[in-house]
1. Taking the range 91-109, which residues are more than 16 Å from the chain's Cα centre (by Cα), within 22 Å of M33 (Cβ to Cβ) and loosely packed, with under 15 Cβ neighbours inside 10 Å?
2. Would you check if there is a residue in the range 53-61 being outside any loop (DSSP other than H, G, I, E, B), touching a Phe, Trp or Tyr at 6+ places or on another chain (Cβ under 7 Å) and surrounded by fewer than 18 Cβ atoms within 10 Å (Cβ to Cβ)?
3. Counting only residues that are at pLDDT 75 or above and out of contact with any helix residue (DSSP H, G or I) (no Cβ under 6 Å at 6 or more places or on another chain), which one in the range 102-114 is farthest from R5 (Cα to Cα)?
4. Find the residue count for the range 19-43, including only residues that are without any contact (Cβ under 8 Å) to a residue 24 or more places away in the chain and either closer than 18 Å to C191 by Cβ or of a type in the set (D, E, K, R) (or both).
5. Could you identify the single residue in E83, E88, E43, E52 that is of a type outside the set (A, V, I, L, M, F, W, C), touching a helix residue (DSSP H, G or I) at 6+ places or on another chain (Cβ under 7 Å) and in the same structural domain as L8 (by TED's automatic domain parsing)?
6. In the list G45, G32, which residue meets the criterion of being within 23 Å of T195 (Cβ to Cβ) and of a type in the set (G, A, S)?
7. Which helices (runs of 4 or more DSSP H) sit wholly inside the range 111-207 and have at least 2 residues that are of a type in the set (A, V, I, L, M), in contact (Cβ under 8 Å) with a residue 60 or more places away in the chain and closer than 24 Å to L89 by Cα?
8. In this structure, is R76 touching an Asp or Glu at 6+ places or on another chain (Cβ under 7 Å) and buried (at least 19 other Cβ atoms within 10 Å of the Cβ)?
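The values are calculated or read from the model by the stated rules, or taken from the named source; none is laboratory data. Since the model is a prediction, treat every value here as computed from it, not as a measurement. In this analysis, Cβ positions are derived from the backbone assuming ideal geometry, glycine residues included, and neighbour counts consider all displayed protein chains.
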Amino acid sequence: MCFIRAYLRASTDEQDAARARHQVEAFAAERGMQIASWYIENESGAKLARPELFRLLSDSHPGDVLLVEQVDRLSRLTAADWERLKAELAARRVRVVALDLPTSWAMATGKVDDFTARMFAAINDMMLDMLAAVARKDYEDRRRRQMQGQAKAKGEGKYVGRPENKRRNTRIASMLAAGTSYSAVQEATGCSRATVAKIAKRVNAAA
């Protein structure tokens, strides 16, 4: 029996990675699917190194389903990194099902004959490639506009950068001071390991 493993991602610690949980749950319930486990993280989709995504893949067995809200939650990767991730998915025989990719829905339950399954898999691979490329272009376009906006603001003396989440960072510092592990801090606060490491460095410098 295959397992449905849901993956939720947001790009920054200020965003709620679990915001789409109800929508993903509703999609699964409508199709009689039961989600076996959730993997939630705050990491950029442009990075291949995502601990929770690779924990999901490590936990998976052949035929398991990786369920995501949108393809861009799985990938805003460069072409080379996307090929590496696809190779990992193929090696583990994990099927990707995305709410914004109707061609993938038939693979969610596995209730199709072998010929139909192979046809849908071929079409789905092509659509995944296309949506992954669109997601990467959208990422690059937004980054370019952001950098242009920052450059303009700096030129006008108006750029101050992203405000620090002081309440969250104080909590992280307190947990680290109490001896809490990085992984436990990440799980409790929903922040990235890089953020925990940054706060730890700050705490050590002040000690």
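1. Across the range 91-109, the qualifying residues are R93, P102, T109.
2. In the first step, residues of the range 53-61 are kept if they are outside any loop (DSSP other than H, G, I, E, B); the result is 53-59.
Within this subset, residues satisfying the condition of being touching a Phe, Trp or Tyr at 6+ places or on another chain (Cβ under 7 Å) are 53, 55-56.
Subset that is surrounded by fewer than 18 Cβ atoms within 10 Å (Cβ to Cβ): 55.
There is at least one residue in the range 53-61 that is outside any loop (DSSP other than H, G, I, E, B), touching a Phe, Trp or Tyr at 6+ places or on another chain (Cβ under 7 Å) and surrounded by fewer than 18 Cβ atoms within 10 Å (Cβ to Cβ).
3. Checking each candidate, the answer is D114.
4. In the first step, residues of the range 19-43 are kept if they are without any contact (Cβ under 8 Å) to a residue 24 or more places away in the chain; the result is 19, 21-22, 25-26, 29-30.
Filter once more, keeping what is either closer than 18 Å to C191 by Cβ or of a type in the set (D, E, K, R) (or both): 19, 21, 25, 30.
The qualifying residues number 4.
5. E88
6. Numbers: G32 fails: within 23 Å of T195 (Cβ to Cβ).
Going through G45, G32 in turn, just one is within 23 Å of T195 (Cβ to Cβ) and of a type in the set (G, A, S): G45.
7. Correct list: 114-155.
8. Values: touching an Asp or Glu at 6+ places or on another chain (Cβ under 7 Å): no; buried (at least 19 other Cβ atoms within 10 Å of the Cβ): yes.
Judged against the criteria, R76 is not a match.
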